[in-house]
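Novice: Below you will find the structure I want to go over with you.
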Amino acid sequence: FFHYAMAILEGTPYDAGVPFHPPFFPLLLSALHGLFGHPAPNLLLRILLAAIHAWQVPLLWALLRRFLPPGAALAGALLATWSFGLSLLSVAAVSEGLYLLLLLGALILFVDQLAGATLASRGGRLRAAALGLLLGLLALTRAEGLAVAIALLTWGAGSVLRARRASGLPGGRRPSARIWAWTAAALLLTLLPWTVRNAVTLSRYNRAFAG
């Protein structure tokens, strides 16, 4: 990731420009190096990463609070502060810490949207768009994030179908899947620039080296 971040700062292609690696964490890392030293001192970089990844604990509390009483949710979140694995990821220049941060944020929005949010309110529309954005950034951080995004959207659409069958309401009053379509649209818009860039880069690479 360090070499990828340096390549971004220097404007040079990494891996011959072939998009083997998702770009979001290297972009974050390049921003930190650009702001604090190019390259930034190792200790300072670890402190900055720890400060960013420390948000995992309050986000975990917010997620657990949706399922557990306040005391149990707080206990679960505080236990995370004692996790050696999380502590290690928090100070290492690897994508897993950022991925977990984005995943927790996405799951919070997903649970709220699953509870019955609609596009009728501005808050519902903003939540749906924010969920799509976080799912897109998840996929741009680690490749398996795309599978997570597809699974959550499928779950959400399936919940609408199940609610329709259970409600027995007339068609105009049934739960609508439009909010999940809104989230899917935000996801696709987030992925679109990198997808177009990859298509252009791979086409150029194939013309140059594949005859």
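The values are calculated or read from the model by the stated rules, or taken from the named source; none is laboratory data. The shown structure was predicted, so the numbers you read here are calculated from the model rather than taken from an experiment. Cβ coordinates were reconstructed from backbone atoms using ideal geometry, including for glycine residues, and neighbour counts include every protein chain displayed. To get the accessible areas, we keep the full protein, side chains included, count just its heavy atoms, and leave off ligands, DNA and RNA. Shrake-Rupley method; radii C 1.70, N 1.55, O 1.52, S 1.80 Å.
Novice: Is it the case that some residue within segment 153-160 is out of contact with any strand residue (DSSP E or B) (no Cβ under 7 Å at 6 or more places or on another chain), buried (at least 21 other Cβ atoms within 10 Å of the Cβ) and either of a type in the set (Gly, Ala, Ser) or at pLDDT 90 or above (or both)? So that I can check it myself, show each step before the final result.
Specialist: First, pick out the residues of segment 153-160 that are out of contact with any strand residue (DSSP E or B) (no Cβ under 7 Å at 6 or more places or on another chain): 153-160.
Of the ones still in play, those that are also buried (at least 21 other Cβ atoms within 10 Å of the Cβ) are none.
The answer is no, given that none of the residues of segment 153-160 is out of contact with any strand residue (DSSP E or B) (no Cβ under 7 Å at 6 or more places or on another chain), buried (at least 21 other Cβ atoms within 10 Å of the Cβ) and either of a type in the set (Gly, Ala, Ser) or at pLDDT 90 or above (or both).
Novice: For the list (1) open to solvent by 40 Å² or more (accessible area, probe 1.4 Å); (2) touching a His at 6+ places or on another chain (Cβ under 9 Å); (3) not hydrophobic (A, V, I, L, M, F, W, C), I need the number of the one condition that Ser95 fails.
Specialist: The single condition Ser95 does not satisfy is (1).
Novice: Also: Let me spell it out: the conditions are (1) open to solvent by 30 Å² or more (accessible area, probe 1.4 Å); (2) under 12 Å from the mean Cα position of the chain (by Cα), and Ala115 meets all of them except one. Which number is the exception?
Specialist: It fails just one condition, (2).
Novice: Is there any pair with a first residue in segment 80-108 that is closer than 25 Å to His3 by Cβ and a second that is of a type in the set (Phe, Trp, Tyr) and open to solvent by less than 40 Å² (accessible area, probe 1.4 Å) whose Cβ atoms are under 7 Å apart and which are 6 or more apart or on different chains, and what are they?
Specialist: Ser95/Phe25; Leu98/Phe25
Novice: Now a separate question. The conditions are (1) on the phi < 0 side of the Ramachandran plot; (2) surrounded by fewer than 15 Cβ atoms within 10 Å (Cβ to Cβ), and Leu146 fails exactly one of them. Which is it?
Specialist: That leaves (2) as the condition not met.
Novice: For segment 63-90, give me the residue count where each residue is open to solvent by 20 Å² or more (accessible area, probe 1.4 Å), assigned to a helix (DSSP H, G or I) and at pLDDT 90 or above.
Specialist: Of the residues in segment 63-90, 11 are open to solvent by 20 Å² or more (accessible area, probe 1.4 Å), assigned to a helix (DSSP H, G or I) and at pLDDT 90 or above.
Novice: Now for a different question. Tell me, yes or no, whether segment 11-27 has at least one residue that is in a loop (DSSP other than H, G, I, E, B) and hydroxyl-bearing (Ser, Thr, Tyr). Step through it out loud before you land on a result.
Specialist: Let us first name the residues in segment 11-27 that are in a loop (DSSP other than H, G, I, E, B), namely 11-14, 18-23.
If we keep only those that are hydroxyl-bearing (Ser, Thr, Tyr) too, we end up with 12, 14.
Looking for residues that are in a loop (DSSP other than H, G, I, E, B) and hydroxyl-bearing (Ser, Thr, Tyr), one finds at least one in segment 11-27, hence yes.
Novice: Looking only at segment 37-46, count every residue that is surrounded by 14 or more Cβ atoms within 10 Å (Cβ to Cβ), at pLDDT 90 or above and either among the hydrophobic types (A, V, I, L, M, F, W, C) or part of a loop (DSSP other than H, G, I, E, B) (or both) and tell me the total.
Specialist: If we filter segment 37-46 for residues that are surrounded by 14 or more Cβ atoms within 10 Å (Cβ to Cβ), which is where we start, we get 39-40, 45-46.
Going one step further and asking which of them are at pLDDT 90 or above, we end up with 45-46.
In the following step, the residues that additionally are either among the hydrophobic types (A, V, I, L, M, F, W, C) or part of a loop (DSSP other than H, G, I, E, B) (or both) were identified as 45.
Adding up the residues that qualify gives 1.
Novice: Scan segment 1-50 residue by residue and report those that are among the aromatic types (Phe, Trp, Tyr), without any contact (Cβ under 8 Å) to a residue 40 or more places away in the chain and under 25 Å from Arg204 (Cα atoms).
Specialist: Selection gives Tyr4, Tyr14, Phe20.
Novice: Would you check which residues across segment 1-30 are hydrophobic (A, V, I, L, M, F, W, C), within 18 Å of the chain's Cα centre (by Cα) and open to solvent by less than 70 Å² (accessible area, probe 1.4 Å) and list them?
Specialist: Listed by number, the residues that qualify are Phe24, Phe25, Leu28, Leu29.
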